[in-house]
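Let me begin by presenting the structure, written as structure tokens, before commenting on it.
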Amino acid sequence: MTSPNLDAAGRYPAGSAAFPHRSLTGLAGLAPWEILFLLDEAEQWVELNRQPHKRNDRLAGLTIINAFFENSTRTLLSFEIAGKRLGADVVNMHAAQSSVKKGETLIDTAMTLNAMHADAIVIRHQSSGAVQLIADKVDCPVLNAGDGQHEHPTQGLLDALTIRHAKGAEFAGMRVTICGDILHSRVARSNIHCLTTLGAEVRVCAPPALMPADIEALKVHPFHDFDAALVGSDVVMMLRLQQERMSGQFIPSPREYRHLYGLTLDRLAKAKGDALVMHPGPMNRGVEIDSNVADLAQNASGARSAITTQVEMGVAIRMACLDVLTRRTRGLEGWA
Amino acid sequence: MSAPRPLTITGGQMVLPGKPPVPGSLRCEGGLIRAVGGAIAGPDDLVIDAKGALIVPGLVDLGVFAIDKPAFHFGGITRAALMPDQGVVLDKPSSVRFAAQSGKPDLWVHPLAAATRDLAGSEIAELALMRDAGAKAVATGRRWIGDSGTMHRLLSYAAMLGLVVITHAEDAGLTGGAVATAGEMATRLGLPSAPAEAEALAIARDLALAELTGARIHFRQVTTTKGLALVRAAKARGIKVTAGVTPAHFMLSDTAIGDFRTFTRLSPPLRSEADRQAVLAGLSDGTIDVISSGHDPRGPEDKRLPFADAEPGMAGAETLLPLTLGLVRDGVIDLPRAFELLAANPAALLGVKAGRIEEGLEADVALIDPAKPWVVDSDMMAATAGNTPFDKQGVEGRVLALFKGGMLIAD
């Protein structure tokens with residue numbers, strides 16, 4: 001895709017102008033070339049990660065703290081590997097739900113991490129906006145690893161990178177259908193911002209109780225009928241049913257949910273023949289996605305699952321984000 | 001305390017009900033307004049030259065959550081009706097009696113009796129005993145009473161006792177844990193939200209019950225197009241209903257929550273721009289009767305949190321007057337109507353002899369400069385906490401002097 005801010009040779013603005021943000025708290029409001037810059041930066045790490053020797057010490061001497069206020073296995077592991085492959089000292093902090101008053105703990109914890117001279121802090125928190133709150137209080141770059149139902153920017157970026165690897169660089173004209181619990185999903189929001197900014201057509205599909213109000217304002221097309229939404233889709237992105245976030249009954253039962261919104265092989269056939277199947281994980285197999293779809297290597301028409309590729313791209317994207325956000329600290333020419 | 005010297009205020013512009021400001025003077029003695037117009041000072045009088053300032057009634061703030069005297073005095077508030085949601089809930093005559101004495105002599109606190117024990121919404125509290133201990137009205141607190149049977153019995157009982165019931169209008173079943181109004185902003189921010197219709201649902205039920213029982217009902221905050229339409233129609237049918245609002249809902253829409261700023265976390269939450277316009281229309285056409293501050297100072301332990309974890313509420317006492325005067329400047333209401341909304345109507349609702357510049361009423365008087373500019377600054381407020389959603393906003397209108405019962409209390 002072309003952008004007026006890329007010059008004729010396709011280069012980005014020089015130095016820090018390519019990504020002029022201190023922290024990455026969300027994808028909303030980012031310019032297309034800023035997103036593309038991060039995707040392009042990640043490509044070298046995709047390559048490196050496929051080598052036997054997966055190490056580049058450009059962050060040697062820096063301390064990165066992964067402060068996870070909400071349980072996570074996959075994202076935490078991905079960030080930890082990303083930091084370590086770049087040579088940083090990575091420390092993980094599991095701030096389990098404590099009985100002390102949550103809020104003061106949050107700010108106090110942030111100030112404590114700040115006093116320890118972290119060079120970057122990666123935060124996951126169960127409340128929307130919590131990461132922004134911390135980013136405003138600390139002196140180092142902050143990376144949002146998921147805040148409540150707000151954003152999960154590295155997930156949006158890794159999904160875009162996965163799509164680009166499978167479908168090519170042209171997002172304009174591509175149809176992506178995101179199906180599931182849109183209401184409670186920060187993954188959906190980050191993907192919506194990312195993909196619409198890059199020019200893709202995004203459809204969102206959910207039962208009414210799981211569809212956020214005025215979602216059209218985010219430049220997406222809402223559907224309640226999954227079969228209709230699938231028609232012509234290049235990418236089908238399934239979301240996990242987040243029952244832990246639901247207060248009250250949003251769906252009658254998991255099997256009823258599967259009946260209407262589960263991605264089966266039959267349903268997948270309604271999308272484009274070579275549709276790409278994605279899921280941010282962890283999956284509820286047999287609920288939102290059938291195992292034979294989740295594990296689909298490649299069928300006769302070219303449809304396949306990219307779920308493990310997403311995990312692979314995740315490490316590369318997180319390496320790119322850690323690298324880019326610490327360039328100022330490291331005094332790189334043009335970034336200091 | 002000895003009786004204060006008689007007071008004569010000269011050279012001001014008096015704001016009297018229903019007419020443009022008129023030049024004149026005012027004499028107070030024995031705590032009451034004794035002469036309005038061409039008053040002549042007695043030999044022992046304290047004489048104050050208003051130097052052209054507006055002479056207005058002290059504000060009567062209906063429904064505050066804290067007794068915060070410096071903030072009230074800064075804002076020209078001489079009487080505050082205290083919500084029952086206190087550390088010790090105002091659900092017993094003893095706590096009501098204590099609260100009623102807590103501001104004297106320079107601030108009168110009118111306790112609002114908790115409608116139900118511990119504000120739990122199930123058992124009706126000792127309303128008659130609390131009335132006789134000084135409660136001026138009944139309030140359901142921060143919450144709506146969900147059980148229609150309880151609300152029915154409450155309204156009929158309060159009607160018999162001659163007490164107005166002040167209620168919070170949000171259907172709790174629909175709002176659940178919502179902290180924002182459903183719409184684009186809540187969707188973008190990923191905040192738990194509920195449809196604005198939660199307000200109209202609550203109002204519709206409570207109006208039906210008020211009509212059935214003949215009770216007087218006051219909705220402390222009506223903030224939506226549909227809620228206001230219900231109140232407007234009910235008034236036309238002769239139901240004894242009044243409605244209030246705070247400046248937050250005529251000044252701000254939910255775009256103000258955009259950066260997760262917890263000072264804009266309010267209850268009810270900020271609404272759409274269309275609803276804000278409906279509030280302005282309701283102020284203009286008389287559907288809304290009261291503007292109050294909703295004063296609820298909250299420190300960092302309640303506000304320096306992620307948006308959904310923060311407590312709702314704003315420190316509103318200091319900005320109540322200038323933001324209401326902004327409505328006058330914008331032509332939404334005229335000056336006498338501003339002081340009906342800020343003083344006369346809430347005083348009438350509480351049944352206290354104050355709220356107007358009128359002979360025989362309590363001498364609660366403020367001198368104000370309606371054009372004096374100043375900047376609201378969260379870090380420099382008189383309130384016990386600076387949680388204002390209007391931080392760094394320029395406003396006009398400042399209290400120059402304040403008198404409670406004819407005594408000078410702020411300068």
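The values are calculated or read from the model by the stated rules, or taken from the named source; none is laboratory data. Quick caveat: nothing in here was measured; it's all calculated off a predicted structure. Positions of Cβ are generated from backbone atoms using ideal geometry, with glycine treated the same way; all protein chains shown enter the neighbour counts. Just the protein is used for accessible areas: all its heavy atoms, side chains included, with ligands, DNA and RNA removed. Shrake-Rupley method; radii C 1.70, N 1.55, O 1.52, S 1.80 Å.
Write out, first by first residue and then by second, each pair whose Cβ atoms fall under 7 Å of each other, whose residues are 6+ apart or on separate chains, and whose first residue, in the stretch A:311-336, is on the phi > 0 side of the Ramachandran plot while the second is of a type in the set (Ser, Thr, Tyr) and surrounded by fewer than 19 Cβ atoms within 10 Å (Cβ to Cβ).
Qualifying pairs under 7 Å: A:GLY334/A:SER16.
Yes or no, residue by residue, for (1) within 14 Å of chain B (Cβ to nearest Cβ); (2) more than 20 Å from A:GLY173 (Cβ to Cβ); (3) in contact with an Asp or Glu (Cβ under 6 Å, 6 or more places away or on another chain):
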{"site": "A:ALA217", "(1), (2), (3)": "yes, yes, yes"}
{"site": "A:VAL220", "(1), (2), (3)": "yes, no, no"}
{"site": "A:ALA228", "(1), (2), (3)": "no, no, no"}
{"site": "A:GLY232", "(1), (2), (3)": "no, no, no"}
{"site": "A:ARG240", "(1), (2), (3)": "no, yes, no"}
{"site": "A:LYS272", "(1), (2), (3)": "no, no, yes"}
{"site": "A:HIS279", "(1), (2), (3)": "no, yes, no"}
{"site": "A:MET283", "(1), (2), (3)": "no, yes, no"}
{"site": "A:THR309", "(1), (2), (3)": "no, yes, no"}
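When the residues of the stretch B:308-327 are filtered to those that are farther than 13 Å from B:PRO247 by Cα and not acidic (Asp, Glu), which remaining residue is surrounded by the most Cβ atoms within 10 Å (Cβ to Cβ)?
Ranking the candidates gives B:ALA310 first.
Give the stretch A:116-131 a look and list any residue that's under 22 Å from A:ALA82 (Cα atoms) and at the interface with another protein chain (Cβ under 8 Å from one of its Cβ atoms), or say none.
Passing the criteria: only A:HIS125.
Filter the stretch B:79-92 down to the residues that are in contact with a Phe, Trp or Tyr (Cβ under 7 Å, 6 or more places away or on another chain) and over 14 Å from B:ALA120 (Cα atoms) and list them by number.
B:ARG79, B:ALA80, B:MET83
If you check A:ILE107 against the conditions, is it more than 18 Å from the chain's Cα centre (by Cα), within 14 Å of chain B (Cβ to nearest Cβ) and either buried (at least 24 other Cβ atoms within 10 Å of the Cβ) or among the small types (Gly, Ala, Ser) (or both)?
no
Out of B:ALA196, B:ALA172, which single residue is aliphatic (A, V, I, L, M), in contact with a Phe, Trp or Tyr (Cβ under 6 Å, 6 or more places away or on another chain) and within 14 Å of chain A (Cβ to nearest Cβ)?
The unique qualifying residue is B:ALA172.
All but one of (1) open to solvent by 10 Å² or more (accessible area, probe 1.4 Å); (2) of a type in the set (Asp, Glu); (3) within 13 Å of another protein chain (Cβ to nearest Cβ) hold for A:GLU256, so report the exception by its number.
Here A:GLU256 meets the rest and fails (3).
Could you grab me the full set of residues in the stretch B:286-307 that are within 12 Å of chain A (Cβ to nearest Cβ), out of contact with any helix residue (DSSP H, G or I) (no Cβ under 7 Å at 6 or more places or on another chain) and surrounded by 24 or more Cβ atoms within 10 Å (Cβ to Cβ)?
B:ARG298
Do you know which of the residues in the stretch A:263-287 that are under 19 Å from A:SER185 (Cα atoms) and touching a Pro at 6+ places or on another chain (Cβ under 9 Å) is least open to solvent (accessible area, probe 1.4 Å)?
A:VAL287
Quick check on A:ALA96: is it at pLDDT below 95 and either within 13 Å of chain B (Cβ to nearest Cβ) or assigned to a loop (DSSP other than H, G, I, E, B) (or both)?
For A:ALA96, the condition - at pLDDT below 95 and either within 13 Å of chain B (Cβ to nearest Cβ) or assigned to a loop (DSSP other than H, G, I, E, B) (or both) - is met.
Condition first: charged (D, E, K, R) and either buried (at least 19 other Cβ atoms within 10 Å of the Cβ) or not in a strand (DSSP E or B) (or both). Now tell me which residues in the stretch B:366-411 satisfy that.
B:ASP377, B:ASP379, B:ASP391, B:LYS392, B:ARG398, B:LYS404, B:ASP411, listed by residue number.
When the residues of the stretch A:242-253 are filtered to those that are in a loop (DSSP other than H, G, I, E, B) and free of Cβ contacts under 8 Å to residues at least 24 places away in the same chain, which remaining residue is farthest from the other protein chains (Cβ to nearest Cβ)?
Among those residues, the one meeting the criterion is A:SER253.
Out of everything in the stretch B:203-251 that is in contact (Cβ under 8 Å) with a residue 40 or more places away in the chain and in a strand (DSSP E or B), what residue ends up being farthest from B:LEU321 (Cα to Cα)?
B:ILE217
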